[in-house]
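Structure first, commentary second.
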Amino acid sequence: SGHRLLLSSTTQNTVENNNDSPRRTKKKGKPTKAKDLFRADRVLANRGWGSRSECHDLLRQKRVFQQVNSEMKRINGPSEKISMDVSLFVDGKIEVAKPPPLLRVYHKPKWVLSVMNDSKGRRHLGQLESNIISKMHPVGRLDYDTSGLLLFSSKGTLTQTLLHPNNKVQKEYLALVVGEVDEEELRQKLKDGVETSMGAFPADLVSARAIPRD
């Protein structure tokens, strides 16, 4: 027989990825590729400033500016190509809010590594279709032999907020244990904290039930 356990934890996960790590800062002055540029009216409309036609008219009036290297540069029309994450200002003083960071939900199957590449040729997250996780990185990891929900984030600061134990973002784990489990003893051990290299982190035993051998 075995036991099915549902654990709620605030323990820390670590981020394992490639050069898209949220701890890595981008080099300044790196030129933007043409494929990363979009029509200004599309970018402005995506920010929720107005309809595509309203943004088109505003740009035709040359009332929209972009901030480049701390300097205001007037956008010459709706068809001018700009970066999707550039800082925009209407009339040079009203800042247009940037879009919120993107999160994607992925169900990781067993036998897939939570890394973006692997020298041993094992299945890994980097083999997902590039249009699904372009410019994104995994939020934490799941063990190779486990399955479950894994988030991909487009913003490193959001990733760190979700992962850092000080923020106490709750995570739930379902575990199947072979053999008998003393529920009260396990509950107390989890409450006292799980020892890791970063310290002890508590968890709550949400539920436990026995599963027949058959």
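The values are calculated or read from the model by the stated rules, or taken from the named source; none is laboratory data. All of these numbers come straight from a predicted model, not from anything done at the bench. Quick reminder, even Gly has a Cβ in these numbers, built from the backbone with ideal geometry, and neighbours come from all protein chains shown. These accessible areas exclude ligands, DNA and RNA; they are computed on the full protein's heavy atoms, side chains included. Shrake-Rupley method; radii C 1.70, N 1.55, O 1.52, S 1.80 Å.
A compact table of results
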{"quantity": "Test: ASP182 is modelled with pLDDT under 85 and among the acidic types (Asp, Glu)", "calculated": "no"}
{"quantity": "Criterion: over 25 Å from ASN131 (Cβ atoms), out of contact with any Lys or Arg (no Cβ under 9 Å at 6 or more places or on another chain) and of a type in the set (A, V, I, L, M, F, W, C) - qualifying residue of VAL64, VAL90, VAL105, VAL68", "calculated": "VAL68"}
{"quantity": "Unique match (being loosely packed, with under 15 Cβ neighbours inside 10 Å and modelled with pLDDT under 90) among LYS120, LYS168, LYS110", "calculated": "LYS168"}
{"quantity": "Count - residues of the stretch 145-158 that are open to solvent by less than 30 Å² (accessible area, probe 1.4 Å) and closer than 27 Å to VAL177 by Cα", "calculated": "2"}
{"quantity": "Strands (runs of 3 or more DSSP E) lying entirely in the stretch 96-214 (those with 3 or more residues that are of a type in the set (A, V, I, L, M, F, W, C) and more than 24 Å from the chain's Cα centre (by Cα))", "calculated": "171-178, 203-211"}
{"quantity": "Pairs with Cβ under 6 Å, 6+ apart, first in the stretch 41-68 and surrounded by 14 or more Cβ atoms within 10 Å (Cβ to Cβ), second of a type in the set (Phe, Trp, Tyr) and not in a strand (DSSP E or B)", "calculated": "CYS55/TRP49"}
{"quantity": "Qualifying residue in the stretch 134-144 (condition: within 26 Å of ALA208 (Cα to Cα) and open to solvent by less than 60 Å² (accessible area, probe 1.4 Å))", "calculated": "yes"}
